[in-house]
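A.B. asks: Take this structure, written in structure tokens, and hold onto it; I'll ask about it next.
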Amino acid sequence: MGHHITIGTRGSKLALWQAEHVRGLLVNTYANLHIDFSIIKTTGDQLQSNSLINISKGLFTKEIEIALLNQQIDLAVHSIKDLPTDLPKGLKICCIPVREDPRDALVSRSKLELNNLPMGAKIGTSSLRRKSQLLHLRPDIEVTALRGNIDTRMRKLKETDLDAIVLAAAGVKRLFGEDDVTQFFEVDEIVPAAGQGALGIETRENDDKINTLFKKIRCQRSEVEVEVERIVLRELGGGCQVPIGVNAQLEGKKLSVIGLVSSPDGRKRILQKIVNDSSNPIEIGFSLAEKLIQNGAKEILQIQFGAKQ
């Protein structure tokens with residue numbers, strides 16, 4: 001197979017790492033495949049001074065998806081958690097490769113874990129989901145907004161008065177390895193974002209030539225987990241503006257899914273878990289969303305954010 005394709009990607013170090021990773025998967029599978037990158041700056045990239053609370057997920061993907069629809073690129077590589085649950089007409093997620101660690105990670109200046117940080121410790125994060133769960137675990141700490149790419153946030157930890165930062169373990173591992181990580185939060189301590197740690201290959205639905213390329217590198221386990229997580233997120237109507245966490249883990253034929261809806265201050269939180277046979281994972285996703293709603297998630301979402309249910 002010998003033809004030329006172009007991958008669309010954001011220009012951050014992590015985005016380029018992810019695009020290079022996908023290129024490596026492809027060229028190691030198919031001989032004589034030539035792959036270039038098209039670096040596209042999104043609206044979200046241009047709003048670095050704004051809080052993520054007021055930025056919709058689509059602002060990190062819109063320009064890339066326009067280029068894909070206009071056939072300026074052949075495919076796009078995204079962090080799945082950046083993708084809205086509803087994609088533009090004509091586009092689809094054709095492949096999710098093997099997922100990296102979905103957990104959140106603490107990197108502290110003093111190498112102390114969260115429980116051992118001093119009273120009033122200052123922790124930086126760009127995520128309302130992380131903020132609410134950190135405050136639930138440690139109401140005494142000060143959580144401050146921290147924007148920027150992962151390498152920028154790691155640098156700000158060293159250059160500012162922050163005691164620690166919390167960010168996705170997958171990004172830290174991909175760019176820096178595990179040595180800088182002070183603590184990995186288990187998924188029932190800080191529930192991750194839907195799709196965290198997973199890459200999504202977005203393509204045109206009718207582009208059979210490109211879609212066929214990914215049949216050999218897709219990971220069925222990762223695709224099941226992410227599909228369930230995105231179903232829960234979609235049913236709850238969540239995005240960056242709402243503290244929602246959901247994580248699915250498929251082990252053999254057993255599927256475990258944990259979901260969280262929280263108030264921004266962490267005082268009100270609904271945490272539910274389902275463990276079931278994985279023969280109908282989609283139904284499990286709908287069941288967990290319904291369980292969260294029945295136990296008060298809808299009221300939290302409507303009161304705090306006016307979320308449409």
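A.B. asks: Within region 97-125, restricting attention to residues that are of a type in the set (Gly, Ala, Ser) and surrounded by fewer than 20 Cβ atoms within 10 Å (Cβ to Cβ), which residue is farthest from residue 143 (Cα to Cα)?
C.D. replies: 110
A.B. asks: If you check residue 259 against the conditions, is it touching a helix residue (DSSP H, G or I) at 6+ places or on another chain (Cβ under 8 Å), at pLDDT below 95 and not assigned by TED's automatic domain parsing to the domain that holds residue 15?
C.D. replies: For residue 259, the condition - touching a helix residue (DSSP H, G or I) at 6+ places or on another chain (Cβ under 8 Å), at pLDDT below 95 and not assigned by TED's automatic domain parsing to the domain that holds residue 15 - is not met.
A.B. asks: How about region 250-296: which of its residues are of a type in the set (Gly, Ala, Ser), surrounded by 18 or more Cβ atoms within 10 Å (Cβ to Cβ) and within 16 Å of residue 136 (Cβ to Cβ)?
C.D. replies: Residues satisfying the conditions are 259, 262, 263, 266.
A.B. asks: Then there is this: Which condition number does residue 190 fail, the rest of (1) over 18 Å from residue 133 (Cβ atoms); (2) of a type in the set (A, V, I, L, M); (3) not assigned by TED's automatic domain parsing to the domain that holds residue 124 being met?
C.D. replies: Answer for residue 190: the failing condition is (1).
A.B. asks: Restricting the search to region 188-213, which residues are surrounded by 21 or more Cβ atoms within 10 Å (Cβ to Cβ) and closer than 26 Å to residue 141 by Cα?
C.D. replies: Result: 190, 191, 192, 193, 194, 196.
A.B. asks: Can you tell me which of 172, 228 is more than 29 Å from residue 116 (Cα to Cα), touching a residue at least 24 places away in the same chain (Cβ under 8 Å), β-branched (Val, Ile, Thr) and assigned to a helix (DSSP H, G or I)?
C.D. replies: Criteria check complete, one pass: 228.
A.B. asks: Here is a list: 122, 131. Which entry is within 22 Å of the chain's Cα centre (by Cα), modelled with pLDDT of 95 or more and closer than 22 Å to residue 264 by Cβ?
C.D. replies: Criteria check complete, one pass: 131.
A.B. asks: For region 144-162, state whether one or more residues are buried (at least 23 other Cβ atoms within 10 Å of the Cβ), farther than 24 Å from residue 274 by Cα and of a type in the set (A, V, I, L, M, F, W, C).
C.D. replies: Checked against the condition, which is being buried (at least 23 other Cβ atoms within 10 Å of the Cβ), farther than 24 Å from residue 274 by Cα and of a type in the set (A, V, I, L, M, F, W, C), region 144-162 yields no hits at all.
A.B. asks: So which residues in region 175-187 are surrounded by 15 or more Cβ atoms within 10 Å (Cβ to Cβ), outside any strand (DSSP E or B) and not hydrophobic (A, V, I, L, M, F, W, C)?
C.D. replies: 180, 182
A.B. asks: Test residue 86 against the stated conditions and say whether it is surrounded by fewer than 15 Cβ atoms within 10 Å (Cβ to Cβ), modelled with pLDDT of 90 or more and within 17 Å of the chain's Cα centre (by Cα).
C.D. replies: yes
A.B. asks: Enumerate the strands (runs of 3 or more DSSP E) found wholly within region 88-157, keeping only those where 2 or more residues are under 21 Å from residue 188 (Cα atoms).
C.D. replies: Once the strands (runs of 3 or more DSSP E) in region 88-157 are filtered for at least 2 residues that are under 21 Å from residue 188 (Cα atoms), what remains is 104-108, 122-125.
A.B. asks: A further question follows. So in region 134-143, with the set limited to residues that are in contact (Cβ under 8 Å) with a residue 24 or more places away in the chain and within 22 Å of the chain's Cα centre (by Cα), which one is surrounded by the fewest Cβ atoms within 10 Å (Cβ to Cβ)?
C.D. replies: This residue is 137.
A.B. asks: So residue 146 fits all but one of (1) over 30 Å from residue 217 (Cβ atoms); (2) out of contact with any Gly (no Cβ under 6 Å at 6 or more places or on another chain); (3) modelled with pLDDT under 95; what number is the exception?
C.D. replies: Just one mismatch for residue 146, condition (2).
The values are calculated or read from the model by the stated rules, or taken from the named source; none is laboratory data. What you are looking at is a predicted structure, and each value in this text was computed from that prediction instead of being measured. Note that each Cβ is placed from the backbone with ideal geometry, even for glycine, and that neighbours are counted across all protein chains shown.
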